[in-house]
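Here's the structure, in structure tokens; my notes come after.
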């Protein structure tokens, strides 16, 4: 049997392919998060009991972990999108720059997520 290209047995994921896949996954995650946001808004519009149930789910440990994941997905998708906008201007296609800005996307996503959560804690959230 001929090996499939790329040969899965010797293929090593690269930063560019991992970020490409992550960008698609975060897009799906953000779509799911948008449905959750609408559900939360509907609970608020439905009255205090429904809102209390939704709010208790959000402030639980599980809810906080999910919100942290959505926050990271948002910033990873945002930073990756900005990198693609730069690429649309036909800049940054040298191999060294591709990897540099790939790691900048990862670092900026982590930093922005931590900054957003830190700010929310400082503001009393």
Being within 30 Å of residue 98 (Cβ to Cβ) and not in a helix (DSSP H, G or I) narrows it down to one of 10, 21, 25, 32, so name that one. 10
Pairs, first closer than 15 Å to residue 38 by Cα in the range 51-62, second loosely packed, with under 11 Cβ neighbours inside 10 Å and modelled with pLDDT of 95 or more, C-beta under 8 Å, six or more apart: none
Taking the conditions exactly as written (under 30 Å from residue 14 (Cα atoms), in contact with a helix residue (DSSP H, G or I) (Cβ under 9 Å, 6 or more places away or on another chain) and touching a residue at least 24 places away in the same chain (Cβ under 8 Å)), does residue 117 satisfy them or not? yes
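Give the range 51-97 a look and list any residue that's more than 23 Å from the chain's Cα centre (by Cα) and either closer than 17 Å to residue 116 by Cβ or surrounded by 15 or more Cβ atoms within 10 Å (Cβ to Cβ) (or both), or say none.
Answer for the range 51-97, where residues must be more than 23 Å from the chain's Cα centre (by Cα) and either closer than 17 Å to residue 116 by Cβ or surrounded by 15 or more Cβ atoms within 10 Å (Cβ to Cβ) (or both): just 51.
The values are calculated or read from the model by the stated rules, or taken from the named source; none is laboratory data. Here the structure is a predicted model, which is why all the values come from computation and not from measurement. Using ideal geometry, Cβ is built from the backbone for each residue, glycine included, and neighbour counts are taken over all protein chains shown.
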